[in-house]
Structure formats: C-alpha cells, structure tokens
Amino acid sequence: MGETNRMTDMLPNCLPDDPAGRYVGRIWRPDVAGPSVVTVADGDVFDITSAFPTVRDLCETPDPASAAAGAAGERVGPLDDILANTVAIGRASDRPRLLAPIDLQAVKACGVTFASSLVERVIEEQAGGDPALAERVRAEVHARIGGDIARIRPGSQEAELVKATLSAAGMWSQYLEVGLGPDSEVFTKAQPMSSVGWGEPVGLHPASRWNNPEPEIVLIVDSRGEIRGASLGNDVNLRDIEGRSALLLGKAKDNNASCAIGPFVRLFDATFGLDDVRTATISLRVAGRDGFVLTGESSMRQISRDPLDLVQQTIGPHHQYPDGFALFLGTMFAPTEDRDRPGEGFTHKPGDTVDIATPALGNLHNRVALTSECPPWDFGAGHLMRNLAKRGLLGG
C-alpha cells in the first residue's frame with residue numbers, strides 16, 4: 001500500500017473538487033474477466049453493473065444522475081488504488097484498472113469549431129503537411145484575413161466574405177466551408193469500445209512526424225438526442241497526414257489508442273449542465289522526457305458553434321444512434337511553439353505526458369506512445385455481450 005500511495009501522490013488529481021457531482025465510469029474487473037459500470041463517492045468506487053450493465057443503459061434512463069445515485073452498488077475499493085494500478089508499469093493483472101467511461105456509444109467528433117483551429121487547418125493544407133513551410137504560410141494567411149476572425153458567425157455574410165477573400169488569393173480550402181459555412185464538420189473519431197481511458201497510453205501513428213494533442217470537452221448524448229453528461233477527451237491530430245489530403249482524415253484520426261476519454265462522465269444534474277460546458281476553460285499541459293513543457297488554455301466561450309447546435313447537426317431524422325454517442329466539441333489548440341528546429345512548431349515525442357483538465361470535469365492524464373506499441377484493442381461489443389451474458393446481467 002505504501003508503494004501505491006507514493007505513486008498516486010505523483011499523479012495529477014483525477015476528479016473535480018466538487019463532491020456534489022455525480023460521476024460514472026468503467027473499470028476492468030479481473031475477477032469477472034470484464035468491465036463494470038461504476039460510480040465514485042467519497043474516494044471509493046462502487047460497481048452498479050447489476051442495475052446498469054452498460055453506461056449506454058444508464059444514459060437511456062429518464063434521469064441518469066438520479067438513477068446512478070439510487071443504484072445499489074458493490075464497493076470495489078479506493079479510487080486511488082485503481083488509479084495507481086492503471087498507470088503502474090507491470091500492473092497487477094488481478095487488480096482493477098480504469099477504462100474509458102463509455103462503452104456502446106458511437107464516438108463522433110466535430111472539427112474546425114474554433115476560429116484559431118480553422119486558421120491552422122488552412123495552414124496545414126496550404127503547407128501540404130510540411131511543418132517547415134507552416135510559418136511562412138501562417139504569416140500570409142493572417143495578413144489576408146486580418147481582424148478578429150473569432151467573432152465571425154458561421155453562415156453569416158461576413159463569413160462568406162472571408163471565404164471569398166482567401167479563395168481569391170489562391171487560398172481556398174475545404175476547411176473554410178466547415179469553419180465558416182452553415183454546416184459543421186462531424187466525423188467518426190473511433191469505433192465503439194475502442195477509446196482508452198485515464199492513465200492509458202494514447203497513440204500516434206508511426207508514419208506521422210507532425211502531430212499534437214487536441215484537448216476537448218466530450219458530450220455524452222442518448223439515442224433521443226438528449227445530452228446526459230460530459231467528459232474530457234483527446235482527439236489526437238496527425239497534422240502532416242491530414243494536411244496532405246482531407247481524404248486521409250480516417251487515417252489521421254482513427255487508429256489504435258488514438259482516442260482518449262475520461263476520467264469519468266459527469267452526469268447533468270442540478271450542479272452541472274450545458275451552460276457549465278459553454279463557459280468552461282480547458283487547460284493543457286504536455287511534458288516531455290527532453291524537458292520540453294507546453295501549456296495553454298482553451299475557452300469554450302470562443303467556440304464558433306453552440307454545443308447544442310453541434311448535437312442537432314449530428315443526430316436527427318437524417319441520422320439515428322440507437323446506443324447514443326459521445327461527441328468531441330473541437331478545440332482551439334493548434335500549438336505553434338517550436339520544440340526542435342525554429343519554424344517547425346510543436347510535435348509530440350513518445351514518452352510525452354498529456355494532462356487535459358477543467359475544474360468541473362477533473363483531469364485526463366495519458367502518456368504518448370506509437371499506436372503500434374500501445375496495447376491492442378481486443379475487447380469489442382461482441383466480447384462485452386458474451387461477458388455480460390455469462391455474468392447473468394442480460395436478463396432484459
């Protein structure tokens with residue numbers, strides 16, 4: 001236990017400071033050879049899988065926060081012990097570890113929802129994914145746009161003027177359409193059950209040489225389009241691969257361990273709701289083994305499209321999600337600070353630690369590795385159904 005305490009003392013605080021919030025997530029339980037849905041209270045973890053076999057099931061109830069609070073739970077143990085085993089090198093296979101807090105939900109993401117992100121996407125494309133050219137293109141794009149693009153409302157006449165100005169200068173980009181036009185970019189980030197959670201390695205495709213974290217708030221939405229809660233996420237971005245061609249978005253975004261969500265879902269209730277998401281400030285800290293440290297903040301007040309609009313563009317008569325979905329809301333982060341050579345900006349290195357935090361949702365902590373070196377994804381929806389059936393938890 002002494003070793004566990006020393007390890008958790010070195011880790012960032014996982015949960016928000018607000019004890020009134022209702023936090024749900026998932027852990028791997030070796031004794032049942034499968035995942036369990038859990039709540040956290042007073043530093044302890046309680047298994048409520050007997051009441052709600054999946055997080056999807058919980059989110060489909062009329063009031064998930066009240067349902068989770070009223071569920072009879074089996075105490076698993078202190079959260080600190082589970083966190084310590086999650087990040088431990090050679091972690092104990094007979095002890096629980098933390099998982100991503102969603103299961104059967106589709107994992108969707110919105111792109112170019114912040115003006116600063118729009119500018120960097122245009123730069124990536126104009127530079128052809130070459131970080132050495134990015135600084136020159138960046139100066140030219142800013143000179144063409146001028147003013148404060150963050151105040152421009154997508155779909156407005158002013159937005160159309162900016163699009164026309166850049167297009168006339170030979171800087172047309174498909175990113176201008178989704179950043180300034182009426183329709184948002186919504187893409188599939190990862191497959192259900194494939195996301196990694198707090199403390200797990202987050203992956204970079206070995207082919208990428210220019211990449212960065214994308215710290216975001218992730219909404220948890222049920223099959224009816226109702227927002228049930230929120231979490232933190234890292235929508236890892238491979239700038240060189242996507243910059244070569246937007247048609248490589250799938251290769252740039254959906255890879256082994258490239259989607260991190262956690263630590264828990266904070267369910268909407270009287271203490272936390274969509275207005276809290278709209279006003280949240282998200283902090284990022286990247287620390288490398290080389291001594292490099294990158295920090296920054298992102299304010300949701302600067303998002304160009306309201307979160308509710310993004311949800312409504314994702315689900316409706318045009319598209320249904322019977323198991324609900326998790327929706328990354330986008331980020332204003334596109335780090336330009338030089339790490340190695342002047343003018344080449346920031347890129348990850350294996351071994352970097354990434355901490356994404358906001359007071360209402362806690363801290364998402366991951367270490368960067370190559371996707372080929374991260375644990376393979378080998379437990380999918382079929383495995384989950386068979387495991388729950390074996391445990392007698394699929395009785396209807």
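The values are calculated or read from the model by the stated rules, or taken from the named source; none is laboratory data. Remember, it's a predicted structure, so these values are computed and weren't measured experimentally. In this analysis, Cβ positions are derived from the backbone assuming ideal geometry, glycine residues included, and neighbour counts consider all displayed protein chains. Calculation scope for accessible area: heavy atoms of the full protein, side chains included, ligands and nucleic acids excluded. Shrake-Rupley method; radii C 1.70, N 1.55, O 1.52, S 1.80 Å.
Summary table below
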item: Residue, surrounded by the fewest Cβ atoms within 10 Å (Cβ to Cβ), within region 29-39, restricted to residues that are more than 18 Å from ASP57 (Cα to Cα) and hydrophobic (A, V, I, L, M, F, W, C); result: ALA33
item: Residue that is modelled with the highest pLDDT, among those in region 136-159 that are part of a loop (DSSP other than H, G, I, E, B) and open to solvent by 70 Å² or more (accessible area, probe 1.4 Å); result: ARG153
item: Residues being among the charged types (D, E, K, R), open to solvent by 30 Å² or more (accessible area, probe 1.4 Å) and more than 22 Å from SER194 (Cβ to Cβ) - total across region 230-289; result: 7
item: Residues that are in contact (Cβ under 8 Å) with a residue 12 or more places away in the chain and aliphatic (A, V, I, L, M), drawn from region 158-200; result: ALA159, VAL162, LEU166, ALA169, MET171, LEU176, VAL178, LEU180, VAL186, ALA190, MET193, VAL196
item: Matching entry among VAL178, VAL196, VAL162 (being modelled with pLDDT of 95 or more and β-branched (Val, Ile, Thr)); result: VAL196
item: Qualifying positions in region 66-115 - surrounded by fewer than 23 Cβ atoms within 10 Å (Cβ to Cβ), hydrophobic (A, V, I, L, M, F, W, C) and within 14 Å of ASP47 (Cβ to Cβ); result: ALA71, ALA72, VAL76
item: Among residues of region 278-312, those that are within 24 Å of LEU327 (Cβ to Cβ) and either among the polar types (S, T, N, Q) or without any contact (Cβ under 8 Å) to a residue 24 or more places away in the chain (or both), counted; result: 10
item: Region 351-376 - residue that is surrounded by 15 or more Cβ atoms within 10 Å (Cβ to Cβ) and in a loop (DSSP other than H, G, I, E, B) and, of those, nearest to the chain's Cα centre (by Cα); result: LEU361
item: Qualifying position, being out of contact with any strand residue (DSSP E or B) (no Cβ under 7 Å at 6 or more places or on another chain) and either open to solvent by less than 50 Å² (accessible area, probe 1.4 Å) or of a type in the set (Gly, Ala, Ser) (or both), among PHE292, PHE328; result: PHE292
